[in-house]
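No lab work stands behind these numbers, since they all come straight from the coordinates. Fair warning: this is a prediction, and the values are worked out from it, not measured in the lab. Note that we place each Cβ from the backbone using ideal geometry, even for glycine, and neighbour counts take in every protein chain shown.
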Amino acid sequence: MIRHLLKLIWNRKRANALVMMEIFFSFLVLFAVLSFAFSAIGRWNDPLGYDWHDVWIVQLNVAGHEPGETDEFKPTLDRLLRETKTFSEIEAVSLADTPPYNMSTNSGTWMIGGKKIRITRDDATDGYADVMRMRVLRGRWFSREDDALNFVPVVIDSDLAGTLYAGKDPLGQKFDSDESTEWRVVGVIPPYRKDGETSARGMNMAFTRVSLVSPKGRAPRNMVIRVKPGTGAAFEEKLVRRLHDVVPDVPFTLTRMDRLRGLSLRLHLVPLILSSIVAFFLMSMVALGLTGVLWQSVTRRTRELGLRRAVGASGSGVRNQVLIEVALIATLAVIVGLVVILQLPLLGIFSALTPLVYTLGIIGALAAIYAITLVSALYPSWLASRLTPAEALRYE
Amino acid sequence: MIKLENIDKVYRTARVETLALHNINLDVPSGEFVSVMGPSGCGKSTLLNLIGLLDRPTAGTLAIDGQNVETSERKLARVRNEKLGFVFQTFHLVPDLKVIDNVEIPLLYRKMSGAQRRKLAAAALDRVGLSSRMQHFPTQLSGGQQQRVAIARAIVGKPRILLADEPTGNLDSAMGDEIMDILHELNREEKTTIVMVTHDDRFARRTDRIVRLFDGRRVA
């Protein structure tokens, strides 16, 4: 029967072309949507590289300085850090320019060692690894002793280390340089996902040390504070009062990182949810379109199906034949779709997808396209099977 | 071979009820060639559809080959496949399938290999003198040739009963004679029971018996 149906499909290739095209394009769209969805789900569970619990951020609204200029605010910042550390509720405190879930990110393409590479950067002080509970895989985090160095220490994440120094020991490697300053790698941390759970893979993170001793260079304006678990609003008020005493003329805002995280996730998830809704409606339109096309195709063939009933096919046999035929048409369209999809890694498109996500995307798209196609074919096939053979043969 | 007792067929729509057949009794013994005649709309095709299990009677009983017809659709389909062969006025060939594939269709609903199907289909086409046209599409054939293909499809499963609904209706007289010759040959040589609906008195006279209908009733 399959061979017979394949012959029929082949001989009706013109009539079937429309259905095949629709299934082919739907398969590609489904693959793209599902791959990105699986990728997002997979990334959600990846380690962040830091711990956002019990972290507060105090943003000081003081104008910054251009890199290289003298930052007169550094002594005040140093004093603020020391004052803050005196509270027993506080475990660690440091400064950072763009902490996690912060709405601003310093990223761009740098030319390093002859390689053009996209990097996310941040400036941080010595205690930042303790505040964010970042693990150091190799080397070390910044320390007060770094003030004596004749280069600026840099800590990079393992993604960046692999990209920049593949096969080499990253420690001690020159990271960047200009006329007056040289940056060198002193430590490697696990992959760091600045925007949290929705971050793309491979952010290529690099932290540059900020010295509060040297007046040169701009200091970050965010105090990142790790408080003891369970520290509540009463302490928040106390801390705000103390900070106000130290810097009465500087306006500042205190935000908990979990609140920032909620805001950031909402901001990142809204487009994802919207695109999922659009994809759902797109697929519904595809299903409706397919139902219409199949309905028309089955209606056109009512007399042929009546003939098949007359010569021995039962109602369910005719229904199954229509379903098998649709499944075969879908299979032919999907084979063409698979050929296209299998070219993508070779062309470097969708290179951000891992092999697992890529495979899951294909399996998911296959399951969805067969489900949509067969569900679309159910009603037309039921219509085909419910006519008596005599009615079907008379059908005009 | 075919026995109809007190058969009624009523077509009902939301507004109208049409009595297509009323109290039809008919007994066709094995090997007989019967023609059914009557004016248009008298119920000839309805009668043939009921005998061919393509439709169900409103009342009465119908027996094929000594067995009362089952009500299960699956069983009816099996009887249609194994015991009955159909020839229609408009041929009902699938235009997208080659002649040989058209003839194979009834065998698709039986358990047999593709090679066996092909062999039987080729033999049936040979029987109607069309073995040279196996790889043609129906649209490449004349009307008479298409009806011969339809006969080959009807006899490929070696049914004991052949039901022909105006098989010569769309053909000129020469082609009609050709088709009638094939039907007579099948009746004579294979002892196939044939019930044929026709408008043509000339062809009806060549059969063993003429059943006449008028306004849904049997009048002769």
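Taking the DSSP beta bridges with both ends in the protein assembly as shown, the antiparallel portion is around 65 percent. Take every DSSP beta bridge whose two residues both sit in region A:62-250; close to 70 percent of them are antiparallel. Computed from label points 7 Å out along Cα-Cβ, the spacing between A:Arg79 and A:Thr359 is 6.1 nm. Each of B:His136, B:His92, B:His22 has some number of other Cβ atoms within 10 Å of its Cβ, and from fewest to most they run B:His136, B:His22, B:His92. Does region A:62-250 classify as rounded, prolate or oblate by the C-alpha gyration tensor (a ≥ b ≥ c root eigenvalues; a/c under 1.5 gives rounded; else a/b over b/c gives prolate, otherwise oblate)? Judged from the Cα gyration tensor, region A:62-250 comes out prolate (a/c at least 1.5, a/b above b/c).
Taking the alpha carbon gyration tensor of the protein assembly as shown, multiplying each eigenvalue by 5 and rooting it gives semi-axes of 88, 25, 16 Å, largest first. Packing, as the average of other Cβ atoms within 10 Å across residues, places the peptides A:94-107, A:261-274 in the order A:94-107, A:261-274, highest first.
Reducing region A:321-351 and region A:1-43 to their Cα centroids gives an inter-centroid distance of 6 Å.
Hey, what angle do you get for helix A:315-347 against the long axis of chain A, alpha-carbon based, 0 to 90 degrees rounded to 10? Here the helix axis deviates by roughly 40 degrees.
Model label points for A:Leu254 and B:Asn6, set 7 angstrom from Cα along the Cα-to-Cβ axis, are 9.9 nm apart. Taking each residue as 0.36 nm, the span from A:Thr198 to A:Asp51 lengthens on full extension beyond its C-alpha to C-alpha distance by 51.4 nm.
Rounded to the nearest 0.05, what FRET efficiency do B:Ser132 and A:His268 have when you use their Cβ-Cβ distance and R0 = 56 Å? Efficiency, rounded to the nearest 0.05: 0.20. Remark: mean inter-chain Cβ contacts per residue of B:83-90 equal 2, using a 10 Å Cβ-Cβ cutoff to other protein chain atoms. Here the residues B:Glu17, B:Glu73, ranked from fewest to most Cβ neighbours within 10 Å of their Cβ, fall in the order B:Glu17, B:Glu73. Take the Cα of B:Ala14, step 7 Å toward its Cβ, do the same at A:Thr163, and the gap between the two points is 6.8 nm. Look at the stretch A:302-310: the mean tally of other chain Cβ atoms within 10 Å of its residues' Cβ atoms is 6. A Förster radius of 56 Å combined with the Cβ-Cβ distance from A:Ser275 to A:Glu72 puts the calculated FRET efficiency at roughly 0.75. In chain A, the longest principal axis of the Cα atoms and the axis of helix A:74-85 are about 80 degrees apart. GNM on chain B, alpha-carbon springs under 10 angstrom: the most fluctuating residue among B:Arg148, B:Arg74, B:Arg15 is B:Arg15. Which entries in the list A:Lys85/A:Lys194; A:Lys74/A:Lys116; A:Lys13/B:Lys75; A:Lys115/A:Lys194; B:Lys75/B:Lys191 go over 27 Å, if you measure between the two C-alpha atoms of each? Violating the 27 Å limit, Cα to Cα: A:Lys74/A:Lys116; A:Lys13/B:Lys75.
Taking all Cα pairs closer than 8 Å and separated by 6 or more residues, the relative contact order of region A:239-379 comes to 38 percent.
Averaged over peptide B:108-121, the number of partner chain Cβ atoms lying within 10 Å of each residue's Cβ comes to 2. Rounded to 0.05, the FRET efficiency of the A:Thr331 and B:Arg110 pair, given R0 = 35 Å and the Cβ-Cβ distance, is 0.85.
The long axis of helix B:143-155 is offset from the longest Cα principal axis of chain B by roughly 80 degrees. With Rh defined as the Kirkwood radius, the inverse of the mean 1/r over Cα pairs, the Rg/Rh of region A:36-166 is 0.97. With just the Cα atoms defining each centre, how far is region A:273-305 from region B:23-74? Give it in Å. Value for the Cα centre distance between the two parts: 41 Å. Taking the fewest neighbouring Cβ atoms within 10 Å as the starting point, the ordered list for A:Met257, A:Met285 is A:Met285, A:Met257. Between the C-alpha center of region B:124-177 and that of region A:133-195 there is a gap of 86 Å. Length gained on full extension, A:Lys174 to A:Met285, computed as 0.36 nm times the residue gap minus the Cα-Cα distance: 34.4 nm.
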